[in-house]
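The values are calculated or read from the model by the stated rules, or taken from the named source; none is laboratory data. Just so we're clear, the structure is a prediction, and the values are computed from it rather than from any experiment. Using ideal geometry, Cβ is built from the backbone for each residue, glycine included, and neighbour counts are taken over all protein chains shown. Protein only, heavy atoms only, side chains kept; ligands, DNA and RNA dropped before computing areas. Shrake-Rupley method; radii C 1.70, N 1.55, O 1.52, S 1.80 Å.
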Amino acid sequence: MVSLLSRQGPSVCLRAPALARTVTAVPHRQAQVADVGKGLETTTSSIPLFMNRKSAAQSTTPAPIVRPVATALPQDRDEFWREVPVWENVSAKDFLSYRWSVANTVQGTAKLFKFLQAVVPEEVPLNELGTQMQSRDEFIADVMEGLAAATMAIRMTPYILSRVNWENPRHDPIVRQFLPLKSVLIPDHPKLALDSLHEEADSPVKGLVHRYSDKALFLPTSVCPTYCMFCTRSYAVGADTDTVTKASLKPTRRRWEEAFAYIENTPALQDIVVSGGDSYYLQPDQLRMIGDRLIGMPNIKRFRFASKGLAVAPSRILDESDGWVNALIDISNKAKKAGKAVAWHTHFNHPNEISWISKDASQKLFEEGVMVRNQTVLLRGVNDDVVTMSKLIRDLADNKVFPYYVYQCDMVERVEHLRTPLQTILDLETRIRGSIAGFMMPQFVVDLPAGGGKRLACSYESYDPKTGLSTYMAPAVTGRDKENKVYEYYDPIDTLPN
């Protein structure tokens, strides 16, 4: 094996033996394939799903647009949430209600403990082969001890909890993302940091990260519908934990106005990402206000709303009574008339997160003309094999969600067990590229520690698999002593060769 690999051309992607892992078989959790919208009852009589009354009536009399409200489950759709014991009697009408989803979100250790007591069997597999078992109490104790050591608080929606195979939770790809088990945690790399990307250092005003010359990241809130254990913004997002006191970003008008003033008074800025936290936790009127402000700024040409909502609470897109999706659609249409581009950037990491509900939601957004792109994080034991990543990319593409980025997991605290060597992301891109249309092929990137921004994973200056050190340059990222800076990314220590 060559000990030091240097970039010899515009792109080098190294090949290694085929990765052996495949998608965990969870037959009763697979997404159901059906015609989108078929059989849905709506509050608009016989009008087809997602068609407004104005277009259906064929009338010359102007009428306001009415977007139908899904009120019942299509008869040919799987009520998968009923397999979770606490929701076995929940109707489709309730499960598809965003109000019900919020009321039944599992938040905090006490609620999680009660939920796990109700849904985890008396015994669950301890190893992947299922030859060793552990008791329910042992599994729950492992989760509780993991949460005490984690940087993120617990919050999970009924939708994402219903996509878990609770017969084998230790090895479920969704559990691995959102519930930390103390037994799988490994020591942090000595080079990582809580704010790995130096976002606070790159913030001219609180809650606005300005790293690239023409783009800024606006963080109006620090709350999400579901908290990821590997969150790159664990320094600010969610409630305080036993290990982290958060630099909270409360949604105050004063803080927002300071961010808007900076954007308006910085002519070089053309592109704004509205994230958090999560844009799903903005009220519809707040979403409209932010959209209107950005549309009204002459220097802003593009903006995107970042939200994991489509992956963890897709019923909100179908529940018109909530109002959030109508606000997003209206902003998108208004921006187009102003000659500006708007998109939704969402976050799916595994095919099991996709169901007929997320498919219907994606189809609705597609029909309404909302551009949706996906950003995936590469996670060990979740999606770090060719079969799983390929299926995720294709499933997203088939549902009109454009695969945009696959990120190398950031060097943040308490997630060392989820990080992969750089070699893994290089191999995945090499083996997947060419298997799907180029415009549906995501960019495989490293978001460089210390604020270097995103670089193609295969554009490294050097990579030594023996030490795990890769180096990158980011010539376009300047300011704060970044000119000619060499950025370093480190593989997890436990993956290095002996």
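Summary table
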quantity	calculated
Under the Karplus curve 6.51 cos²θ - 1.76 cosθ + 1.60, θ = phi - 60°, whole-Hz ³J(HN,Hα) for the stretch 338-347, x wherever Gly or Pro sits	8, x, 10, 9, 10, 9, 10, 9, 10, 8
Order by protection proxy (mean Cβ within 10 Å, highest first), peptides 198-211, 306-319	306-319, 198-211
Set of aspartates and glutamates near Lys191 by C-alpha distance (under 12 Å), chain-local residues within fewer than 8 positions excluded	Asp410, Glu413, Glu416, Glu488, Asp491
Anchor Lys250: aspartates and glutamates whose Cα lies under 20 Å away (excluding residues fewer than 8 positions away in-chain)	Asp195, Glu199, Glu200, Asp202, Asp240, Glu258, Asp278, Asp285
Relative contact order (%) - criterion: Cα under 8 Å, at least six apart; region: the stretch 301-452	21 percent
Solvent-accessible area per residue for the stretch 272-354 (1.4 angstrom probe, square angstrom)	27 Å²
5 angstrom amide H check on Val377, placed H, neighbours 5+ away	Tyr407
Under the Karplus curve 6.51 cos²θ - 1.76 cosθ + 1.60, θ = phi - 60°, whole-Hz ³J(HN,Hα) for the stretch 468-476, x wherever Gly or Pro sits	x, 8, 10, 10, 9, 10, 9, x, 7
Over the stretch 421-498, relative contact order from alpha-carbon pairs under 8 Å, at least 6 apart, %	28 percent
Per residue, in Å², the accessible surface of the stretch 107-197 once ligands and nucleic acids are set aside, probe 1.4 Å	41 Å²
Cross-link pairs Lys391/Lys466; Lys114/Lys359; Lys308/Lys391; Lys336/Lys400 - those with Cα-Cα distance over 22 Å	Lys391/Lys466; Lys114/Lys359
For the stretch 381-422, diffusion coefficient by Stokes-Einstein and Kirkwood Rh (Cα), 37 °C, 0.692 mPa s, µm²/s	279 µm²/s
The stretch 268-314 - percent of accessible surface contributed by carbon and sulfur, probe 1.4 Å	50 percent
Ellipsoid equivalent to the stretch 417-473 - semi-axes via the Cα gyration tensor, in Å	21, 14, 10
Scattering profile of the stretch 371-498 at q = 0.21 Å⁻¹ [log10 I(q)/I(0), Debye over alpha-carbon scatterers]	-1.24
